[in-house]
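I have placed the structure first, in the form of structure tokens, so that the comments after it can refer back to it.
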Amino acid sequence: PGELDGLQLLAADHAVIDRLFATAGGASSDDARASLAARIGRALTVHASLEEEIFYPAASQVLTDDRLVH
């Protein structure tokens with residue numbers, strides 16, 4: 001299999017986070033919701049790091065309008 005590019009990785013992260021949120025709504029206990037909340041928090045932290053450290057710097061190099069990046 002080929003390597004994922006940055007956009008594919010971000011899109012995959014979005015899909016995972018969306019599924020976690022959807023699952024959280026149907027969690028059967030407070031412990032299950034707390035566990036899902038922790039997973040969502042970790043996933044969002046990784047996702048934000050990818051955006052801040054890789055995606056936004058690369059986008060700002062190729063886009064002429066910084067408002068599109070920020």
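The values are calculated or read from the model by the stated rules, or taken from the named source; none is laboratory data. Note that the structure is predicted; figures quoted are calculated from it, not measured. So basically every Cβ, Gly included, is an ideal-geometry build from the backbone, and we count neighbours across all protein chains shown. Quick note on the areas: whole protein, heavy atoms, side chains included, nothing else; ligands and nucleic acids left out. Shrake-Rupley method; radii C 1.70, N 1.55, O 1.52, S 1.80 Å.
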Collect the residues in the stretch 15-33 that are open to solvent by 70 Å² or more (accessible area, probe 1.4 Å) and either over 24 Å from VAL69 (Cα atoms) or outside any helix (DSSP H, G or I) (or both), keeping them in residue-number order. ARG19, PHE21, ALA22, THR23, GLY25, SER28, ASP30, ASP31, ARG33
If I filter the stretch 45-55 down to residues being open to solvent by less than 60 Å² (accessible area, probe 1.4 Å) and either at pLDDT below 85 or among the aliphatic types (A, V, I, L, M) (or both), which single residue comes out as farthest from LEU7 (Cα to Cα)? ALA48
Taking interchain pairs and intrachain pairs at least six residues apart, which have beta carbon atoms under 6 angstrom, with the first residue in the stretch 56-68 and closer than 14 Å to LEU7 by Cβ and the second among the acidic types (Asp, Glu) and open to solvent by less than 70 Å² (accessible area, probe 1.4 Å)? none
Does LEU36 qualify as being under 21 Å from the mean Cα position of the chain (by Cα) and either modelled with pLDDT of 85 or more or open to solvent by less than 100 Å² (accessible area, probe 1.4 Å) (or both)? yes
